[in-house]
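Participant: Quick one: the structure is below, questions incoming.
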Amino acid sequence: MYQTDPPRSPKDILPTMYDLPSEDSEDPGLPDQFHLLQPRLLDETFRPPNYPRDEIFVASDLNLYYDPRYPLWYKRPDWFAVLGVSRLYEQRDLRLSYVVWQEGVDPFIVVELLSPGTEKEDLGQTLRDIKQPPGKWEVYERILRVPYYAVFDRYKYKLRIFKLDGGRYAEIAVSESRFWIPELELGLGVWQGRYQDVEQPWLRWYDWTGCWVLTSTEQEKQRAEQESQRAEQESQRAEQEKQRAERLIAQLRSLGVEPDVD
């Protein structure tokens, strides 16, 4: 490739998300229902209080292009979050993929959902041919240097957290299936509950109080319940006032005084 003087940045000369394919026709990676629903729950509950909503990008099963030397190489994390970037590409378009040399910001956390076909790669237990692209573990740990890598076993409902330490991932002990991430002011944990009419353990985010972050549907339900409670309280107060008035009228009449009740 012809080089200019001074050299142009990779962002100017390498492919953008508009130039790179958003899916591989030979490996469409059609997800099962769990791989569709679980990332959605992570999306809905990922609300770091120290970042504006329009400076957070989250995605699932989206091509993540990571190496400007090999611009066609990519990974498709089950879910990942990037902080400090616009939710829209250049604040105008929905992303077709996430291209790190164009965006300038690497993911802060990646979540992979274990399945039998990908478990060894997800956990960095495979050896690769030097001619082949690196596996997920190597990309997240050594190339992108993603600070946090979470792995969730959907069959055992086990959460494992790896944190970048000295350039390598070190597994962090998870207490009661919960792990607090101070940089996010959020925690990630396993929640037993009903989501999209399915009752089972799910991975979701919780806040500093230890409460699970509510989805929009849960927020609406909570507001409706609060409104119903307020209406019931108002009705009870009105009934109590009515009973007090009736007792007062009865007392006055017992004293021979006819109250004016108009």
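Read-outs throughout are calculated quantities, based only on the coordinates presented, and are distinct from any laboratory measurement. Keep in mind that what you see is a predicted model, and the values were worked out from it rather than measured. FYI the Cβ positions are ideal-geometry reconstructions off the backbone, even for glycines, and counts take in every protein chain you see.
Participant: Along Cα→Cβ, 7 Å out, is where each label goes; now give me the distance between the ones at C211 and Q192 in nm to one decimal.
Facilitator: Placing both labels 7 Å beyond Cα along the Cβ direction yields 2.2 nm.
Participant: Considering only V99, W137, F80, whose Cα is most displaced toward the positive end of the charge dipole of region 74-155, charges sitting on Cβ of Lys, Arg (+1) and Asp, Glu (-1)?
Facilitator: V99
Participant: Using only Cα atoms, figure out Rg for region 214-262 and give it as a multiple of 2.2 N^0.38 Å.
Facilitator: With N residues counted in region 214-262, Rg over 2.2 N^0.38 Å equals 2.00.
Participant: Suppose the Debye formula is applied to equal point scatterers at every Cα of region 69-129; what is log10 I(q)/I(0) at q = 0.19 Å⁻¹?
Facilitator: -0.88
Participant: Continuing with the same structure: Dipole of the chain (Lys/Arg Cβ +1, Asp/Glu Cβ -1, origin at the Cα centre): which of Q38, Y70, V58 lies farthest to the positive side?
Facilitator: Going by the Cα projections, it comes out as Y70.
Participant: A further question follows. Note the count of lysine pairs whose C-alpha atoms are less than 19 angstrom apart in the chain, limited to pairs 8 or more residues apart or on different chains.
Facilitator: Values: K75/K120; K75/K131; K75/K136; K120/K136; K120/K156; K120/K158; K120/K163; K136/K163.
Number of lysine pairs found: 8.
Participant: Please state the relative contact order of region 10-213 as a whole percent: Cα pairs under 8 Å, 6+ residues apart?
Facilitator: So the answer I get is 17 percent.
Participant: Compute the Rg/Rh shape ratio of the chain: radius of gyration over Kirkwood radius, all on alpha-carbon atoms.
Facilitator: That ratio equals 1.24.
Participant: Once you charge only the Cβ atoms, +1 for Lys and Arg and -1 for Asp and Glu, what is the size of the charge dipole of the chain about its Cα centre, to the nearest 20 debye?
Facilitator: Values: 34 positive and 47 negative charges, 135 e Å.
Computed charge dipole of the chain: roughly 640 debye.
Participant: Right, something else. Return the ratio Rg/(2.2 N^0.38 Å) for region 154-258, where Rg is computed over Cα atoms only.
Facilitator: Ratio of Cα Rg to 2.2 N^0.38 Å: 2.04.
Participant: Starting from the amide H of L203, placed 1.01 Å from N in the peptide plane, find each other amide H under 5 Å away whose residue is 5 or more places distant or on another chain.
Facilitator: W191
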